[in-house]
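Have a look at the structure below before the remarks.
The values are calculated or read from the model by the stated rules, or taken from the named source; none is laboratory data. The shown structure was predicted, so the numbers you read here are calculated from the model rather than taken from an experiment. Here the Cβ positions follow ideal geometry from the backbone for every residue, glycine too, while neighbour counts run over all protein chains shown. Just so you know, the surface numbers come from the protein's heavy atoms only, side chains and all, with ligands and any DNA or RNA stripped out. Shrake-Rupley method; radii C 1.70, N 1.55, O 1.52, S 1.80 Å.
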Amino acid sequence: RAKHEGRNGYRFFTTEMQTRSERQLQLVNALSQALEREQLTVHYQPQISVINGRIVAAEALLRWYHPELGQVSPAEFIPAAEDSGLIIPIGEWVLRQAVRQARKWMLDGLDPMIIAVNLSAVQFRHSDLPNLVTRILDEEGLPAEYLELELTEGVAMHDTQNAVAVMNNLHARGVRMSIDDFGTGYSSLSQLKKFRIYKLKIDQSFVRDISTDPEDKAIVSAIIHMAKSLGLQTIAEGVETAGQLAFLREQGCDEVQGYYYSRPLPAQQFEEFARAKAMVKP
Ligand code: C2E
Ligand code: MG
Ligand code: MG
Ligand code: MG
């Protein structure tokens, strides 16, 4: 961008960087008090089986409302939380909230479903992750097979040896792991063989134009078919239209997630959505 600014480009660029890091500092500052001030909440978005339309899982998505900054997008504050290390306490809080909510839904008689929690690379590298996960499951009373951790490709590809060890450990404890935003990183499906992954989440950037763009059609179809031949499940993210769903169904995609079925919802609304859906015969 600096190029377009000619002579003043350099100055413009530094000013922009400065503004960006000031915002970053402001965010980190505010975020460090977000937990104690109870500004964080977790919303839940259903993951739906393409075969029978049932809710298979709920993905926990963090929300932050700050009185002056307003609603801040996770796309902006999660990186700030990662850089500052705040993702460790915040990530633990999300995990506990989500596990507790899943246990509550189970007791309240909702059909069994998996709770999927996003994990950042920083959390994954933190030494004690498997013990933390086990402790939270024990304390909240949720069997491990109901928890899924969503990892990004970077987690698996960076420090592969450690990643394999941590995944083996979590797998042995019964926790499921999926790869989020699949296709946006640099991993190949064959590399994923090393990892204890059971599901690929096809990134929404490939799904968006699936009804019109032949290349996106080809990419998504290839991912689904290769995943299948490796024994992996697939879920498409960002499904917004019946047309997208139809193509995914035709290709044999197992599950979908997106506004077509539901936006991420506060816990109470998610529960109502799930109860209404359970009454509809497939
Ligand atoms: P993600 O894990 O890939 O989550 C999917 C994102 O797509 C969510 O954005 C969700 O609201 C959005 N989405 C779902 N369906 C649709 C759709 O049909 N159309 C469109 N356009 N978008 C859809 P959100 O909630 O803003 O979160 C953004 C990212 O922030 C997440 O991407 C995840 O990487 C990160 N994130 C959110 N919560 C957490 C958390 O608790 N921990 C960590 N480490 N990261 C989180
Ligand atoms: Mg995710
Ligand atoms: Mg994703
Ligand atoms: Mg994402």
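Can you give the convex hull volume of the alpha carbon atoms of the range 202-243 per residue, in Å³?
About 61 Å³ per residue, rounded to a whole number.
Which whole-angstrom value gives the distance between the alpha carbon centres of the range 176-204 and the range 122-136?
First find each Cα centre; the distance between them is then 20 Å.
Using only the alpha carbons of the chain, determine the length spanned along each of the three principal axes and report them from longest to shortest in whole angstroms.
63, 48, 40
Given C-alpha coordinates of the range 182-228, what is the ratio Rg to Rh with the Kirkwood estimate of Rh?
0.98
Of all the accessible heavy-atom surface of the range 153-282, with the other protein chains kept in place and a 1.4 Å probe, what percent is carbon and sulfur?
That share works out to 52 percent.
So what is Rg over Rh here for the range 32-73, counting just Cα atoms and using Kirkwood for Rh?
1.22
Once the Cα atoms of the range 186-282 are picked out, what are the Rg and Dmax in Å?
Expressed in Å, the Cα Rg and Dmax of the range 186-282 come to 14.9, 42.
Could you check how many percent of all C-alpha pairs in the range 40-156 are farther apart than 22 Å?
Within the range 40-156, distances greater than 22 Å cover 36 percent of Cα pairs.
How far is it, in nm, from the label point at residue 25 to the one at residue 51 when both lie 7 Å from their Cα along the line to the Cβ?
Between residue 25 and residue 51, the simple spin-label model gives 5.5 nm.
If you take every DSSP beta bridge fully contained in the chain, what fraction is antiparallel? Give it as a percent rounded to 5.
If I count the DSSP bridges inside the chain, around 40 percent turn out antiparallel.
Mind checking the full-extension length gain between residue 246 and residue 225? Use 0.36 nm per residue of separation minus the Cα-Cα distance, one decimal, nm.
Once the chain is fully extended between residue 246 and residue 225, it gains 6.0 nm.
Report the calculated FRET efficiency for residue 173 and residue 104 (r = Cβ-Cβ distance, R0 = 25 Å), to the nearest 0.05.
The value I calculate is 0.70.
Which pairs break 22 Å Cα to Cα here: 194/217; 104/277; 217/277; 193/228?
The pairs that break the limit, which is 22 Å between Cα atoms, are 194/217; 217/277.
Within the range 231-270, whose backbone N sits under 19 Å from a point 7 Å along Cα→Cβ of residue 65?
263-270
With both bridge residues required to lie in the range 26-128, what share of the DSSP beta bridges run antiparallel, to the nearest 5%?
Close to 75 percent.
Once you treat every alpha carbon in the range 215-267 as an equal point and sum by Debye, what is log10 I(q)/I(0) at q = 0.20, 0.27, 0.29 Å⁻¹?
Debye intensities relative to I(0), on a log10 scale: -0.69, -1.05, -1.15.
How fast does the range 84-233 diffuse by Stokes-Einstein, in µm²/s, taking the Kirkwood radius from C-alpha pairs at 37 °C and 0.692 mPa s?
Taking Rh from Cα pairs, D becomes 200 µm²/s.
Can you tell me how much longer the chain between residue 215 and residue 260 gets when fully stretched, taken as 0.36 nm per residue apart minus their C-alpha distance, in nm with one decimal?
Gain in length upon complete extension: 14.0 nm.
For the chain, with the dipole built from +1 on Lys and Arg beta-carbon atoms and -1 on Asp and Glu ones, taken about the Cα centre, which of 52, 73, 221 lies farthest toward the positive end?
221
Before I look further, what does the chain give for accessible area per residue, probe 1.4 Å, in whole square angstrom?
Each residue of the chain exposes 52 Å² on average to a 1.4 Å probe.
For the range 70-132, what percent of Cα pairs sit more than 19 Å apart?
Percentage above 19 Å: 42.
Averaged over all directions, how much area does the convex hull of the C-alpha atoms of the range 26-106 cover when projected, in nm²?
If I average the Cα hull's projected area over directions, I get 6.2 nm².
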